[in-house]
1. Here are 21, 14, 58, 100: which of them is in contact with a Lys or Arg (Cβ under 9 Å, 6 or more places away or on another chain) and either assigned to a helix (DSSP H, G or I) or not assigned by TED's automatic domain parsing to the domain that holds residue 135 (or both)?
2. If we scan region 73-85, do we find a residue that is within 12 Å of the chain's Cα centre (by Cα), within 26 Å of residue 8 (Cβ to Cβ) and among the small types (Gly, Ala, Ser)?
3. Kindly evaluate residue 128 against the criterion of being free of Cβ contacts under 8 Å to residues at least 24 places away in the same chain and either among the hydrophobic types (A, V, I, L, M, F, W, C) or loosely packed, with under 13 Cβ neighbours inside 10 Å (or both).
4. If you take the residues in region 93-115 that are touching a helix residue (DSSP H, G or I) at 6+ places or on another chain (Cβ under 6 Å) and not aromatic (Phe, Trp, Tyr), which one is surrounded by the most Cβ atoms within 10 Å (Cβ to Cβ)?
5. What do you reckon, is residue 77 touching a Lys or Arg at 6+ places or on another chain (Cβ under 7 Å), surrounded by fewer than 17 Cβ atoms within 10 Å (Cβ to Cβ), of a type in the set (A, V, I, L, M) and farther than 23 Å from residue 24 by Cα?
6. Could you list, in sequence order, the residues of region 65-74 that are more than 11 Å from residue 5 (Cβ to Cβ) and buried (at least 24 other Cβ atoms within 10 Å of the Cβ)?
7. Restricting attention to region 116-125, and to residues there that are assigned to a loop (DSSP other than H, G, I, E, B) and surrounded by fewer than 18 Cβ atoms within 10 Å (Cβ to Cβ), which single residue is nearest to the chain's Cα centre (by Cα)?
8. Take the conditions of a type in the set (D, E, K, R) and not assigned by TED's automatic domain parsing to the domain that holds residue 16 and apply them to residue 76. Does it pass?
Amino acid sequence: MHKNYTKILENILKVDQIAIKDFYNQKITQTELSDINNKHLNILKEIIEEIGFPTIKKTSESAYTAAILITLHCGDLYFIQKALNLLEKFKKNEINLSHKAYLIDKFRVLKNLPQIYGTQYKKDSKGNIEFLPILNIENVNKLRKEVGLGSLKFIL
């Protein structure tokens, strides 16, 4: 276990969640949130250079979650693809398959392609959830179940 990287990523997770809450509560701007995300992305890139993707076994559950969230928030197609490629090499007990699904959908949405697992959505002006296009809506729940995600039966 890489204790130093674990602590760094666990701290990033705390900062990330506070920053998101502050953004939604209009305490920080989109630019400030982007600056925080970019700082975290640079740290994650350095960690990956040293130890590879920080999986659960290499670090901790929360450090791994931080790495996934940093990747999801970055909006960098190249980096998301790199992370997906790295995650392909790991076993189920080293990563969470649902996180991989989120990354796949995020990557596809950023490329203006329909998502596979239905993890990406936006909220309308009234706060209602509007799912971004899903490739195979008829089989989405089967695919979600395979990666440990719940059903989207309420939108079908």
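The values are calculated or read from the model by the stated rules, or taken from the named source; none is laboratory data. Every value quoted in this text rests on a predicted model; they were computed, and no experiment measured them. Don't worry about glycine lacking a Cβ; one is built from the backbone with ideal geometry, like all the others, and counts go over all protein chains shown.
1. Checking each option against the conditions leaves just 21.
2. Checked region 73-85: at least one residue is within 12 Å of the chain's Cα centre (by Cα), within 26 Å of residue 8 (Cβ to Cβ) and among the small types (Gly, Ala, Ser).
3. Yes: the conditions hold for residue 128.
4. 115
5. Numbers: touching a Lys or Arg at 6+ places or on another chain (Cβ under 7 Å): yes; surrounded by fewer than 17 Cβ atoms within 10 Å (Cβ to Cβ): yes; of a type in the set (A, V, I, L, M): yes; farther than 23 Å from residue 24 by Cα: yes.
Against the criterion (touching a Lys or Arg at 6+ places or on another chain (Cβ under 7 Å), surrounded by fewer than 17 Cβ atoms within 10 Å (Cβ to Cβ), of a type in the set (A, V, I, L, M) and farther than 23 Å from residue 24 by Cα), residue 77 qualifies.
6. Scanning region 65-74 gives 70, 71.
7. 124
8. For residue 76, the condition - of a type in the set (D, E, K, R) and not assigned by TED's automatic domain parsing to the domain that holds residue 16 - is not met.
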